[in-house]
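Q: Mind looking over this structure? Questions follow.
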Amino acid sequence: MNQPIGVFDSGVGGLTVAREIIRQLPGESLVYFGDTARVPYGSKSKKTVCKYSRQIVNFLMTRNVKAVVIACNTASALAVEEIRDMVDVPVVDVVEPGARMAAASTKNKSIGILGTESTIKSGIYEQYLHRLDSGITVVSKACPLFVPLVEEGLLEDRVTEDIVARYLHEMKEYEIDALVLGCTHYPLLRGVIGREMGESVKLVNPAYETAKSLKELLREEELLASPEAPVTYEYYVSDGVERFISFADAVLPCHVDKTTVVDIEAY
Ligand code: DGL
């Protein structure tokens, strides 16, 4: 089926998920929406994140998408059920695949979760992990300063090292051997986080597993694009086109030449 896949996030962070989808599903077209006018979602209530997510999914459906990927951990944590109830197309979130990968990676059954305040407060990663294995110990930490650091491009910087050390200080006292980077931006800090935690801790990037789940799902549902279908990428945001394009060009394997502003409140 040659319709595009709809991917959305609160802003630019979901491009790390789009990048993984492009890598693993190079024959698929994408429509990406980044809610750059209303970012961050990570400190907002469930009610607000659900409302924003519904509006975005309404918009994506007008682009005739065959599946929806919630590329935002916070929206996945707070709005996945509501989105599944509102559309007939398959919906893939980032939390469930990330939890599955973490459970498969741990040997000592001690897993750390890093995420936004709202994701950590929701307890969703614990729920999924305990459903997979009730014997797993989960240690969670909200890291609200990571998103602005990434958006400022401070991926390898003294300031970032100091903040990472401060947030992960407690986490290091537990003998975790897998750490979920449970926010779209955090994989871009994996160098600093990895050095802080040491080689014995496996860093789990939910984006990788999400793209893998999406691929399996499209195959099962016979929704994969035919090999001769042209591949297109469309980008939409709610504000700040130039900033979006410069971030996208740093993250994606292909240049973004056009991004369109959408009045998302109208959906
Ligand atoms: N995309 C969000 C997430 O993965 C991070 C940015 C925000 O707070 O909106 O949770």
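Q: Which condition does GLN24 not pass, out of (1) touching a Phe, Trp or Tyr at 6+ places or on another chain (Cβ under 9 Å); (2) open to solvent by less than 10 Å² (accessible area, probe 1.4 Å), if it passes all the others?
A: Only one criterion in (1) touching a Phe, Trp or Tyr at 6+ places or on another chain (Cβ under 9 Å); (2) open to solvent by less than 10 Å² (accessible area, probe 1.4 Å) is unmet by GLN24, namely (2).
Q: Condition test on VAL12, is it within 16 Å of the ligand (Cβ to nearest atom), of a type outside the set (Ser, Thr, Tyr) and in contact with a Gly (Cβ under 6 Å, 6 or more places away or on another chain)?
A: So VAL12 passes the test.
Q: May I ask you to say which residue of THR36, THR16 is buried (at least 24 other Cβ atoms within 10 Å of the Cβ) and among the polar types (S, T, N, Q)?
A: Testing whether each residue is buried (at least 24 other Cβ atoms within 10 Å of the Cβ) and among the polar types (S, T, N, Q) leaves just THR16.
Q: OK, next. With open to solvent by less than 70 Å² (accessible area, probe 1.4 Å) and in contact with a helix residue (DSSP H, G or I) (Cβ under 7 Å, 6 or more places away or on another chain) as the only criterion, which of VAL261, VAL237, VAL201 stands out? Step through it out loud before you land on a result.
A: Values: VAL261 fails: open to solvent by less than 70 Å² (accessible area, probe 1.4 Å); VAL201 fails: in contact with a helix residue (DSSP H, G or I) (Cβ under 7 Å, 6 or more places away or on another chain).
Exactly one residue qualifies, and that residue is VAL237.
Q: Hey, any hits in segment 21-33 for a residue that's in a helix (DSSP H, G or I), β-branched (Val, Ile, Thr), within 16 Å of the ligand (Cβ to nearest atom) and within 26 Å of LEU203 (Cα to Cα)?
A: Taking every residue of segment 21-33 in turn, at least one turns out to be in a helix (DSSP H, G or I), β-branched (Val, Ile, Thr), within 16 Å of the ligand (Cβ to nearest atom) and within 26 Å of LEU203 (Cα to Cα).
Q: Right, another one. How about segment 46-61: which of its residues are more than 12 Å from the ligand (Cβ to nearest atom) and without any contact (Cβ under 8 Å) to a residue 12 or more places away in the chain?
A: Those that are more than 12 Å from the ligand (Cβ to nearest atom) and without any contact (Cβ under 8 Å) to a residue 12 or more places away in the chain: LYS47, LYS51.
Q: For residues that are free of Cβ contacts under 8 Å to residues at least 24 places away in the same chain and out of contact with any helix residue (DSSP H, G or I) (no Cβ under 8 Å at 6 or more places or on another chain), scanning just segment 154-176, find the one that is least open to solvent (accessible area, probe 1.4 Å).
A: Out of the qualifying residues, it is ASP162.
Q: If I go through segment 58-107 residue by residue, how many of them are in contact with a helix residue (DSSP H, G or I) (Cβ under 7 Å, 6 or more places away or on another chain), in a helix (DSSP H, G or I) and surrounded by 24 or more Cβ atoms within 10 Å (Cβ to Cβ)?
A: Number satisfying all stated conditions: 11.
The values are calculated or read from the model by the stated rules, or taken from the named source; none is laboratory data. On a predicted model such as this, the values are computed, not experimentally measured, just so you know. For neighbour counting, all protein chains shown are included, and Cβ atoms are generated from backbone atoms with ideal geometry for every residue, glycine included. Side chains are part of the model used for accessible areas, which takes the heavy atoms of the whole protein and leaves out ligands, DNA and RNA. Shrake-Rupley method; radii C 1.70, N 1.55, O 1.52, S 1.80 Å.
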